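Participant: I'd like to ask you about the structure that follows.
The values are calculated or read from the model by the stated rules, or taken from the named source; none is laboratory data. The model shown is predicted, which means the values in this text are computed figures rather than measured ones. FYI the Cβ positions are ideal-geometry reconstructions off the backbone, even for glycines, and counts take in every protein chain you see.
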Amino acid sequence: MDAILTLVYLALQFLTFVLSIACLIDILRCNHPREWILIIFFLPLVGSIIYLVNFYLADRIGWRGLDVSIKRRRRLRELKRLSIVQDTAGLWLEMGELHFQRREWNEALEALRRAIDHDPELLKAQYYAGCALLETNRPQQAVVPLDYVVDQQGDYAFGAARMALGRALAEAGRAEEALAQFDEVLQANNYPEAVVRRAGVLYTLGRNGDAKDSLTRLVREEALFARKDRKWVKQARRMIK
């Protein structure tokens, strides 16, 4: 029994040593805050586990997302209290953006409309309002604010506004206009989402060959895209079939 306990102890010590060295190398390689070196030095096993969870597992298991959600809810409560005595475009814009991030579309629209009432030229409010209208299946209404944003600043949000406009036009049955918007997006940015949505419009227009060609090129370039874009590559594969 003593021999088994000794082996377990030695295995745990070896694992702690290996984890600590791996984490220290990762801190230096990835230029993470140097405070982690001290944490791992004084708490080798626990510190290493916390480090790995914080930088490599938190997003996957939802911890970071939960933390962000709590902070957004807390800020919303603060803004609602402020709105009793303060009525400004900035306050309603922030409130609308927070509701949007929490996928509370109707609440977001209400706050964003109040922001726009204060300042109709507030592009951020118009953009989020258009996107919220899209999420609530009102594409024809979404065209209006999104078209305004694109008209004022064509590359707003690195082309995201133009892409949202293209989506709104496509869902409103205005395929040719949608295609023109996606073409504009892809001239400046090779967004997989834009490629896939554009291909959907091409299929609608009966241009199946052009659609499959663009989707095939996207699939071949999969290695060039970040993980968050891989879902669009998977969608492209499904559309080719």
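Participant: Please determine whether any residue of the stretch 193-216 is of a type in the set (A, V, I, L, M), exposed (fewer than 14 other Cβ atoms within 10 Å of the Cβ) and assigned to a helix (DSSP H, G or I).
Facilitator: Checked against the condition, which is being of a type in the set (A, V, I, L, M), exposed (fewer than 14 other Cβ atoms within 10 Å of the Cβ) and assigned to a helix (DSSP H, G or I), the stretch 193-216 yields no hits at all.
Participant: Taking the stretch 110-128, which residues are in contact with a Phe, Trp or Tyr (Cβ under 9 Å, 6 or more places away or on another chain) and hydrophobic (A, V, I, L, M, F, W, C)?
Facilitator: Ala111, Leu112, Ala115, Ile116, Leu123, Ala125
Participant: Among the listed residues Arg72, Arg103, identify the single one that is modelled with pLDDT under 95, outside the structural domain of Val53 (by TED's automatic domain parsing) and under 19 Å from Gln141 (Cα atoms).
Facilitator: Details: Arg72 fails: under 19 Å from Gln141 (Cα atoms).
Sole residue among the options that is modelled with pLDDT under 95, outside the structural domain of Val53 (by TED's automatic domain parsing) and under 19 Å from Gln141 (Cα atoms): Arg103.
Participant: Could you tell me which numbered condition His32 fails, if it satisfies all but one of (1) outside any helix (DSSP H, G or I); (2) exposed (fewer than 13 other Cβ atoms within 10 Å of the Cβ)?
Facilitator: (2)
Participant: Having 3 or more residues that are in contact (Cβ under 8 Å) with a residue 40 or more places away in the chain and within 22 Å of Val195 (Cα to Cα) is the bar; report the helices (runs of 4 or more DSSP H) wholly within the stretch 112-172 that clear it.
Facilitator: Where helices (runs of 4 or more DSSP H) fall fully within the stretch 112-172, none carries at least 3 residues being in contact (Cβ under 8 Å) with a residue 40 or more places away in the chain and within 22 Å of Val195 (Cα to Cα).
Participant: Another question about this same structure. Residues of the stretch 188-231 being under 17 Å from Glu171 (Cβ atoms) and among the aromatic types (Phe, Trp, Tyr), which ones?
Facilitator: Tyr203, the sole residue that qualifies.
Participant: Would you check if there is a residue in the stretch 129-140 being among the acidic types (Asp, Glu) and under 30 Å from Arg77 (Cβ atoms)?
Facilitator: For the stretch 129-140, residues among the acidic types (Asp, Glu) and under 30 Å from Arg77 (Cβ atoms): present.
Participant: Within the stretch 16-36, track down each residue that is touching a Gly at 6+ places or on another chain (Cβ under 8 Å) and free of Cβ contacts under 8 Å to residues at least 24 places away in the same chain.
Facilitator: Within the stretch 16-36, Trp36 is the sole residue that qualifies.
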